[in-house]
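Everything below concerns the one structure shown next.
The values are calculated or read from the model by the stated rules, or taken from the named source; none is laboratory data. All values derive from a computational prediction rather than experimental measurement. Positions of Cβ are generated from backbone atoms using ideal geometry, with glycine treated the same way; all protein chains shown enter the neighbour counts. Areas reflect the complete protein model, heavy atoms only, side chains present, ligands, DNA and RNA absent. Shrake-Rupley method; radii C 1.70, N 1.55, O 1.52, S 1.80 Å.
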Amino acid sequence: MKIILHQVDAFADQPFAGNPAAVCLLEQTMDDVLMQNIASEMNLSETSFLTRVGETFGLRWFTPASEVDLCGHATLAAAHVLWETGALSTQQSALFDTLSGRLTARRSGSLIEMDFPAEPPVIKSVPDDVYRAVGAGVTVVEAGANRLDYFVVLGSEQSVRTLRPDLDVVSRLGTRGMIVTARAEGSDYDFVSRYFAPQFGIPEDPVTGSAHCCLAPYWSEELGKVQLRGWQASRRGGLVEATVKDDRVILGGRAVTVARIEMTLPD
């Protein structure tokens, strides 16, 4: 059995930046165990699996360790592959049915725009382990959580960029991961962030679209604007454009295909 995967750098306009994802276009449904094994073999933060159902596509995301409910960069990569391979014309929107409901992606100039549910944080008391994960001596302005992640606002952009969290503690928090963020100090971006999910085999995710479903509503309210630019300050780094529309967030980014992989498996 031969399986074709496309490796795409998402939230990037050049190779070797942004967040890499693998995209697998399936001709028929695949066993969950096999999908997980393929994702583990690819060893990227996410591998997405697409199955056409009429005019829509079933979309599932797997990290090297498990399936997840929502992933932005692998959705962007999936839409990019559908248009690049001709599975959809560039005038068509990509409609995905997922564990987080219907998601839509469309072309807008050089950007791919994705319509995602807003996942705003609730600012509240958090367990002491969240502060232990951030580390002693780091100024936490406020903290909270949404249904997916803990959310921590730090005192400065530099604190976000230089943070060295205790990943063992993060892995025991009981959430998908931990977002850290601060207001940007320059004019190129509105805010910066980083994202950690070691319990899913992702010590630090390079660029996390779904985290911006939390970040965008928060910073929209803090800054009094609905159109925002976020920089995820990982080693690879990536720019995420975000527009808040009621209970939705429109995420915008670019993508570049870097490899086409043929995987040969025993029948």
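Structural remarks
- Cα centroids of segment 165-188 and segment 227-267: 18 Å apart.
- Here is how the number arises for the chain: DSSP H runs of 4 or more residues each give -39500 (n - 2.57), the sum is divided by the residue count, and the result at 222 nm is -5500 deg cm²/dmol.
- On a per residue basis, the chain carries 44 Å² of accessible surface, using protein heavy atoms and a 1.4 Å probe.
- Split the accessible area of the chain by element, probe 1.4 Å, and carbon with sulfur accounts for 46%.
- Debye equation applied to the C-alpha atoms of segment 32-186, log10 I(q)/I(0) at 0.13 Å⁻¹: -0.76
- Cα extents of segment 136-248 along the three principal axes, largest first (Å): 36, 28, 27
- Most mobile listed residue (239, 44, 34) in the chain, GNM with C-alpha springs under 10 Å: 34
- Surface/4 of the Cα convex hull for segment 120-163, nm²: 3.2 nm²
- Cα-based equivalent ellipsoid, the chain: semi-axes from gyration tensor eigenvalues, Å: 30, 21, 16
- Choice from 27, 157, 119 with maximal GNM fluctuation in the chain (Cα, 10 Å cutoff): 27
- Across segment 165-204, the residues whose backbone nitrogen lies under 15 Å from the label position 7 Å along the beta-carbon direction of residue 40 are 200-202.
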